[in-house]
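See structure below.
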Amino acid sequence: MATKTKVQWRRRAKDESGICNEDRAEWGQSAVEAYTAIKGSDDDQGDIIDCMADLMHYAASLGIEPEEMIRSATNHFEAER
């Protein structure tokens with residue numbers, strides 16, 4: 001598997017919790033890298049989509065409605081922009 005390039009963001013002000021979107025992007029990148037290390041793929045967009053789909057399957061197995069999870073995640077994303 002090829003080494004992925006680290007996310008490059010303009011450093012933004014941290015929010016009231018001391019976190020900025022660069023931190024969030026790096027956490028997301030780490031999650032997808034861990035996922036692809038198990039799965040064995042090297043397609044950024046495809047890997048993110050597959051990871052999200054598998055998280056939806058996992059949520060459903062826990063009794064969490066995937067559509068509600070997506071709505072809530074989208075609301076968080078928009079609030080953090």
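The values are calculated or read from the model by the stated rules, or taken from the named source; none is laboratory data. Quantities reported herein were computed from a predicted structural model and do not represent experimental measurements. Glycine also receives a Cβ, built like all others from the backbone with ideal geometry; neighbour counts cover every protein chain displayed.
So, in the stretch 42-66, exactly how many residues are at pLDDT below 95 and either exposed (fewer than 11 other Cβ atoms within 10 Å of the Cβ) or of a type in the set (S, T, N, Q) (or both)?
Total satisfying the criteria: 2.
What pairs can you find where one residue is in the stretch 5-33 and closer than 15 Å to GLU80 by Cα, the other is part of a helix (DSSP H, G or I) and modelled with pLDDT of 90 or more, and their Cβ atoms are less than 7 Å apart, with a gap of 6+ or different chains?
Short answer, once both residue conditions are applied: TRP9/ALA25.
For the stretch 31-43, how many residues are over 22 Å from MET69 (Cβ atoms) and charged (D, E, K, R)?
2
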